[in-house]
Every structure is written in structure tokens, then in C-alpha cells.
Amino acid sequence: MTATAAPPAIAVSGLRKAYGDHIVLDGIDLELPRGSVLALLGPNGAGKTTTVNILSTLVRAEAGSARVAGFDVATNGFAVRGVIGVTGQFSAVDGLLTPRENLLLMGRLHHLDRADRGKRAAVLLDRFELTEAADQPAAALSGGMRRKLDLAMTLVGRPSVVFLDEPTTGLDPRSRRVLWDIVRSLVADGVSVLLTTQYLEEADQLADTVAVLDGGRIVAHGTPAELKRAAPGSEVRLTFADVAALGRAADAFVSGVRDDATLTLAVPSPSDPPSVRAVIDRLERSGAVAEHLEVATPGLDDVFLALTGPDARKVAS
Ligand SMILES: Nc1ncnc2c1ncn2[C@@H]1O[C@H](COP(=O)(O)OP(=O)(O)OP(=O)(O)O)[C@@H](O)[C@H]1O
Ligand SMILES: [Mg+2]
């Protein structure tokens with residue numbers, strides 16, 4: 001054990017950024033322990049890219065502090081740039097070069113020697129399943145392949161902290177999974193990842209911690225499971241063959257929400273088997289026979305909708 005523990009990958013405190021009188025970040029705090037993944041969620045314009053830009057030294061904050069691997073982004077940008085890799089929201093691929101040439105160019109920017117550059121490019125092309133397209137102009141790549149090349153380019157310099165700004169936007173489900181696997185293997189190698197995403201499933205799949213950004217503040221912070229627990233509760237949805245059966249069931253469940261158009265009754269209930277069993281028992285006692293039963297648990301989408309946007313802000317204030 002050393003006396004001083006390694007600093008967290010990212011430590012942000014009271015970070016503030018405004019463009020004119022538009023406050024984008026109104027004092028946010030974030031921490032990313034080493035070797036873990038933090039997902040930053042938020043609606044369009046919430047300030048996700050702005051946060052990434054501040055942490056990667058492209059944009060200056062007005063107030064607060066931000067450290068990456070212990071280096072202050074405001075006073076030690078050079079050191080920060082030496083340890084990070086950034087896959088921006090918009091592609092950094094040069095369409096006139098081939099994927100291999102793009103990677104070799106990055107290798108040169110990272111001062112790798114010629115042999116090392118070639119090896120690194122080949123390894124990354126293989127890992128991202130880009131070998132077949134490696135020697136055609138990158139302009140001909142599909143959107144998804146270009147995205148993968150973007151991430152491959154980020155990894156040339158073996159960064160220890162990686163920023164991924166909406167890494168899988170526009171990817172098909174298979175490519176998205178390839179990318180998720182790569183992120184997981186990076187983390188297994190000890191790399192720390194901050195990713196922004198619009199896909200709540202992505203945060204659920206990859207993130208140790210999720211921070212939800214809205215109205216310039218972090219409005220929720222926790223593991224995906226913790227956030228889901230804070231979401232609107234789960235329910236048992238019962239569907240009936242006719243209005244008579246629906247009516248009989250609705251009488252038995254005072255808290256149920258009845259929808260005559262779809263002949264369903266949504267009964268708020270925990271999703272564990274004994275609770276669901278209790279709903280079924282009560283339904284049987286009512287004499288109504290349901291045609292279909294579905295246990296619906298809240299996803300991160302529900303959390304997102306409950307926490308962000310004008311309605312959520314009204315509730316919070
Ligand atoms: N250079 C700039 N000048 C003025 N306003 C800016 C600038 N960059 C960003 N903004 C504003 O800051 C706000 C946050 O933008 P940002 O790009 O960080 O959002 P985001 O969360 O990444 O959104 P998206 O999900 O659409 O990518 C927006 O209202 C945007 O218009
Ligand atoms: Mg953005």
C-alpha cells in the first residue's frame with residue numbers, strides 16, 4: 001500500500017458553464033472511480049457534450065474544478081491530454097484516407113514508431129471487424145463502420161480515461177453489441193470510461209453509475225438498479241375478453257387503473273412472485289377471468305422521463 005491512493009479517473013466539483021446568459025452547467029459534481037463506467041444521460045441540449053469538452057480540455061469552465069487522473073483540466077491540460085482518448089459525437093475520420101491510414105496517422109500523432117503503428121492499426125482493425133474494409137477510402141464506410149473506426153482511432157494511444165460521446169448513435173443492434181463488448185474489455189483492462197448516451201439500455205448494460213443531467217444540474221445519480229427503484233413502480237397488467245370481466249376485476253382492485261379501450265386493468269404491485277401471486281389470488285376471488293397477464297417493471301426509460309423535462313422540473317421546484 002502506498003500512502004496516497006491513486007486519484008479517481010474523474011473528479012468534478014461545482015462545475016459551471018454558461019454561453020452568454022444561457023447557463024448550461026449550473027454547478028455539477030461527478031466522480032468516476034478508476035476502472036469503471038459512468039454514463040451521463042440527459043435530453044438534447046442538457047450539456048453532455050459540453051461536460052465532455054470541458055473534461056477533455058477543449059472548452060473552459062467558468063467555475064468549479066475538474067480533474068482527470070488527478071490532473072487539473074484548467075491548469076494542466078497537457079497532462080490531461082496525455083492520458084485521455086475522446087470519441088466525439090461527430091466523426092473525426094478523414095474520409096479521403098483509408099481506415100488503416102487513419103489509424104496510422106493517429107499512431108504518428110501519438111509518436112509510435114513505424115513498426116508499432118502498423119501493429120497497432122492491424123490489431124484495432126481486427127478487433128473492430130474492419131479488416132475487410134481496411135484499405136478502401138473511409139468515405140465509403142457505412143455510418144456504423146465509421147463509428148467503429150472513430151473508437152478504434154481513440155484507442156491508438158492506449159488512453160487510461162476514455163470519453164465516448166454517444167458512441168453507438170446510428171449503429172445497428174449487432175454493431176452496438178460489438179461496441180459494448182469492446183467497452184467492457186477496455187474496462188476489464190483497467191480503463192475508465194465516461195460515456196454519454198440517449199440509449200437507456202446502453203447505460204443499463206455498461207454503466208456502474210448513471211448521472212442524469214437536466215436543467216444544468218445532476219438530477220439523479222446512482223447505479224442503474226438504484227435509479228430504477230426510484231422510478232414509477234411496477235404493475236401487473238391484466239387483459240380481459242370483455243367489459244363485464246374487466247368491470248368485475250376493477251371492483252376487486254381499488255388501486256387498479258382501468259382502460260376500457262384496451263380492456264386492461266393495471267394493478268400497481270411489486271414484481272416479486274409472492275406479490276404477483278397475491279394479485280392472481282385476488283383476481284380469482286373476484287370471479288373475473290383474465291386472458292393475459294403481464295408484469296411490467298420500470299426501465300431506465302421511465303426513470304429518464306420521470307426525472308427530466310419541464311414536468312419533472314415543475315415537481316422538483
Ligand atoms: N459554442 C457554443 N456556443 C453557444 N451555445 C452553445 C455552444 N455549445 C453548446 N451550446 C449550448 O449549450 C447547451 C448544451 O449543449 P450540449 O451540446 O452540451 O448538449 P448535449 O447534452 O450534448 O445535447 P445532445 O444530446 O443534443 O448532443 C445547448 O443549449 C447548446 O445550444
Ligand atoms: Mg451532445
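The values are calculated or read from the model by the stated rules, or taken from the named source; none is laboratory data. Model, not experiment: these values are computed from the prediction. Note that each Cβ is placed from the backbone with ideal geometry, even for glycine, and that neighbours are counted across all protein chains shown.
Side notes on the structure shown:
- Test: residue in region 50-66 that is within 22 Å of residue 129 (Cβ to Cβ) and among the β-branched types (Val, Ile, Thr): no
- Beta carbons closer than 6 Å, at least 6 apart along the sequence or on distinct chains, pair a first residue in region 101-112 that is farther than 20 Å from residue 135 by Cα with a second that is buried (at least 16 other Cβ atoms within 10 Å of the Cβ) for 110/156; 110/157.
- Residue pairs whose Cβ atoms lie under 6 Å apart, separated by 6 or more positions or on different chains, with the first residue in region 10-31 and under 15 Å from residue 212 (Cα atoms) and the second within 16 Å of ligand 2 (Cβ to nearest atom) and charged (D, E, K, R), are 24/17; 25/17.
- Taking region 212-224 as the range and being farther than 16 Å from residue 44 by Cβ and either acidic (Asp, Glu) or out of contact with any Asp or Glu (no Cβ under 9 Å at 6 or more places or on another chain) (or both) as the test, only 222 passes.
- Some residue of region 63-86 being assigned by TED's automatic domain parsing to the domain that holds residue 144, within 16 Å of ligand 1 (Cβ to nearest atom) and at pLDDT below 95: yes
- Hits in region 281-301 - residues which are without any contact (Cβ under 8 Å) to a residue 40 or more places away in the chain and part of a helix (DSSP H, G or I): 281, 282, 284, 285, 286
- Among the residues of region 220-249, the ones that are modelled with pLDDT of 90 or more and aliphatic (A, V, I, L, M) come to 8 in all.
- Filter pass, residue 93 being part of a loop (DSSP other than H, G, I, E, B) and either more than 16 Å from ligand 1 (Cβ to nearest atom) or surrounded by 15 or more Cβ atoms within 10 Å (Cβ to Cβ) (or both): yes
- Just so you know, in region 204-219 the residues that are of a type in the set (Gly, Ala, Ser) and more than 15 Å from ligand 2 (Cβ to nearest atom) include one that is modelled with the highest pLDDT, and it is 207.
- Residues (surrounded by 22 or more Cβ atoms within 10 Å (Cβ to Cβ) and away from ligand 1 (no atom under 12 Å from the Cβ)) located in region 29-54: 32, 37, 38, 39
- Selection of first residues in region 44-68 that are more than 18 Å from residue 165 (Cα to Cα) and of second residues that are more than 8 Å from ligand 2 (Cβ to nearest atom) and among the hydroxyl-bearing types (Ser, Thr, Tyr), restricted to Cβ pairs under 6 Å at least 6 apart or on distinct chains, gives the following pairs, ordered by first then second residue: 64/13; 65/13.
- Residues (polar (S, T, N, Q) and buried (at least 16 other Cβ atoms within 10 Å of the Cβ)) located in region 101-141: 102
- Test result for residue 145, buried (at least 21 other Cβ atoms within 10 Å of the Cβ) and more than 18 Å from the chain's Cα centre (by Cα): no
- Residues that are among the charged types (D, E, K, R) and not in a strand (DSSP E or B) within region 1-44 comprise 21, 34, listed in sequence order.
- Selection status of residue 123, β-branched (Val, Ile, Thr), outside any helix (DSSP H, G or I) and assigned by TED's automatic domain parsing to the domain that holds residue 192: no
- Filtered residue count, region 9-65, keeping only those that are of a type in the set (Val, Ile, Thr) and more than 16 Å from ligand 2 (Cβ to nearest atom): 5
- Which listed residue is closer than 14 Å to residue 218 by Cα, within 21 Å of the chain's Cα centre (by Cα) and of a type outside the set (Asp, Glu), from 30, 55: 30
- Scope region 42-86; condition of a type in the set (Val, Ile, Thr) and within 19 Å of residue 157 (Cβ to Cβ); matching residues: 52, 57, 68, 73, 80, 83, 84, 86
- Strands (runs of 3 or more DSSP E) contained in region 170-277 and holding at least 3 residues under 17 Å from the mean Cα position of the chain (by Cα) and touching a residue at least 12 places away in the same chain (Cβ under 8 Å): 192-197, 209-214, 217-222
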